[in-house]
Amino acid sequence: MKWSLGFLLLTASVVSTVAWQAQSNAKKAPVLSGNQWFNLSSSRKAPSPQTSGKVTLVHFWTFACSNCQANLPIYNRLFDRYKGQGLDFVGVHTPELSFEKNVENVQKAIAKEKIGWPVLIDNEGANWNRWGLHYWPTVFLVNAKGAIVFKWEGELNWNGQNGEWQLDAAIRRALGL
C-alpha cells in the first residue's frame, strides 16, 4: 500500500514537472499580419498575442467548415466567461474555398455566429503558413509572455474528446485562476 501511494505521488510529481517544463519551454507565438479586421473599433489597435502582455486565444477558422462551426459556440462561451479577466480573443479567418474569400460572406458569418472579438482576414494564408497550420479549425492559447502554451487541431468535442474542458483548464492556468 505504501509503495503504491509513493509511486502515485512520484508519478504525479514527474507529470507536473514535465507539464511545467513544456509550458516554460513553449514556442514563441508568430506575428499576426494583415490590415483587414472585423470587430476592431477605431479606438483599439490590432491584437498582437506575442507582445500584448495578455493571455490570448487565437483560433484559425473558415466559415464553411463544419468543425469550425462546431467550435464557435464553445469560443462564445469562453469569451463570455473570461472577458474582463485578462483574456483576449483573436479569430483568423483563412479560407479554403473561393467563396470564403469574399469578405462580405465572412462579415455575414461573423454576425450569424455572434462573434464579438476581432477577426483578421487571412485570404492569402500568410498567417496560416507562419503559424505552421494544416487543419481547420486550430486554436492556440498564448500566455502573457507571448509563448504558445496550448494547441488543439480540429473540433474540440468531436467523438467524445473533451477539448473544451482542456482548453478551459489551460485558460485558467494561464490566467492564474
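For D88, D168, D80, D122, the sequence from fewest to most other C-beta atoms within 10 Å is D80, D168, D88, D122.
For the set K83/K108; K27/K101; K114/K151; K114/K145; K54/K151, the pairs lying more than 19 angstrom apart at their alpha carbons are K83/K108; K27/K101; K114/K151; K114/K145.
Let me make sure I get this right: for the stretch 28-175, a, b and c are the square roots of the gyration tensor eigenvalues over alpha carbons, sorted descending. Under 1.5 in a/c it's rounded, otherwise prolate if a/b > b/c, else oblate. Which is it?
Judged from the Cα gyration tensor, the stretch 28-175 comes out rounded (a/c under 1.5).
What's the exposure ranking of H93, H59, going from fewest to most Cβ atoms within 10 Å?
Working: H93 28, H59 25.
Sorted ascending by nearby Cβ count, the order is H59, H93.
Give a quick list of GluC sites (Glu not before Pro) in the stretch 66-138 that DSSP marks as loop, anything other than H, G, I, E or B, with at most 15 other Cβ atoms within 10 Å. Answer in residue order: E96, E124.
Considering only C-alpha atoms, what is the centroid distance from the stretch 71-111 to the stretch 118-132, in Å? Result: 13 Å between the Cα centres.
Read-outs throughout are calculated quantities, based only on the coordinates presented, and are distinct from any laboratory measurement. Computed from a prediction, not measured in an experiment: that's the story for all the values here. Positions of Cβ are generated from backbone atoms using ideal geometry, with glycine treated the same way; all protein chains shown enter the neighbour counts.
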